[in-house]
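The values are calculated or read from the model by the stated rules, or taken from the named source; none is laboratory data. Everything numeric in this text was worked out from a predicted model, so none of it was measured. All Cβ positions, glycine included, derive from the backbone under ideal geometry; neighbour counts span all protein chains shown. All accessible areas refer to the heavy atoms of the entire protein, side chains included, with ligands and DNA or RNA removed. Shrake-Rupley method; radii C 1.70, N 1.55, O 1.52, S 1.80 Å.
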Amino acid sequence: MPPIDYKQEILDTVLNSGDLPPESSSPWEHYRRSANDAWNLVVYMERNVARVNHYSKPFDRHMSRLHGMVLANLVGAFERFLKELAVICVNELSEFSLDGRLDEFSLTASIAAAHFNIGSVGNALCEADTWLNRELINKRFRKLLADPFSDGRFYVFPMTRQHGGSNDDISRSQLISAIFQLRHTLVHNLGVVTESDAIKLRRILQR
């Protein structure tokens, strides 16, 4: 094997950035494109492997890992969807920020400087935060979309009747929280559900 300059390879990867797909101008279309790309990967593999002789046990093992990777990508696409929605909301409402509606976002001078060339206050406020916690997502959107100088009544993921949610809304909210926890397990534990993960998932789904 020829020697590999790993430092240079990483630098080349960072410097050779590409353009986002045309769908990226719309949060929904961007999400749908990313989700379909991830899902089609599983369909493609299953369809093509079925045409040739293969050993079932290695295939099942590799497909299990692929399913985990696809699930992580689907959750990542959903997180980006929420983030891109928030960016649009912030850009549209930033002129009304004197009532403190943007204070739910954490922004330091270094983060602002890193996103300054994008030219969007929404990107600067939203890009650095994670969007994988339904309580924080509710809090940010509720304040962002509130009437002037009020706490707001809108919940992306209603968690109780007091949030204005139906039983179906609350059930979906619990499911979203469980999916976020599964994504954490996939990324940090290579898909192994630890005892603490299992306890968290049971608590989430039994609320």
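Worth pointing out:
- Subset tally (residues that are basic (K, R), in contact (Cβ under 8 Å) with a residue 12 or more places away in the chain and closer than 30 Å to M45 by Cα) for region 60-85: 2
- Only residues that are modelled with pLDDT of 90 or more and either touching a Phe, Trp or Tyr at 6+ places or on another chain (Cβ under 9 Å) or assigned to a helix (DSSP H, G or I) (or both) were counted in region 10-54, giving 27.
- Within region 99-127, the set of residues being open to solvent by 50 Å² or more (accessible area, probe 1.4 Å) and either under 13 Å from K83 (Cβ atoms) or in a helix (DSSP H, G or I) (or both) comprises A109, S110, A113, A114, F116, N117, I118, V121, E127.
So that you can scan it fast, the table gives a plain yes or no per residue for (1) open to solvent by 40 Å² or more (accessible area, probe 1.4 Å); (2) in contact with a helix residue (DSSP H, G or I) (Cβ under 9 Å, 6 or more places away or on another chain); (3) without any contact (Cβ under 8 Å) to a residue 24 or more places away in the chain:
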| site | (1), (2), (3) |
| --- | --- |
| L15 | yes, no, yes |
| E29 | yes, yes, yes |
| S34 | no, yes, no |
| V43 | yes, no, yes |
| V87 | no, yes, no |
| E92 | yes, yes, yes |
| S97 | yes, yes, yes |
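- Of all positions in region 59-68, at least one carries a residue that is surrounded by 17 or more Cβ atoms within 10 Å (Cβ to Cβ) and assigned to a helix (DSSP H, G or I).
- Evaluated against (1) closer than 18 Å to L74 by Cβ; (2) part of a loop (DSSP other than H, G, I, E, B), F180 falls short on exactly one condition, (2).
- Looking only at region 151-177, and only at residues there that are in a helix (DSSP H, G or I) and among the charged types (D, E, K, R), the one that is surrounded by the fewest Cβ atoms within 10 Å (Cβ to Cβ): D168
- Residue pairs meeting the criteria (Cβ under 6 Å; at least 6 apart or on separate chains; first under 13 Å from V156 (Cα atoms), in region 126-141; second open to solvent by 10 Å² or more (accessible area, probe 1.4 Å) and part of a helix (DSSP H, G or I)): W131/E79; W131/K83; L132/E79; L132/F180; R134/I176; R134/S177
- Test: residue in region 104-115 that is among the charged types (D, E, K, R) and under 14 Å from the mean Cα position of the chain (by Cα): no
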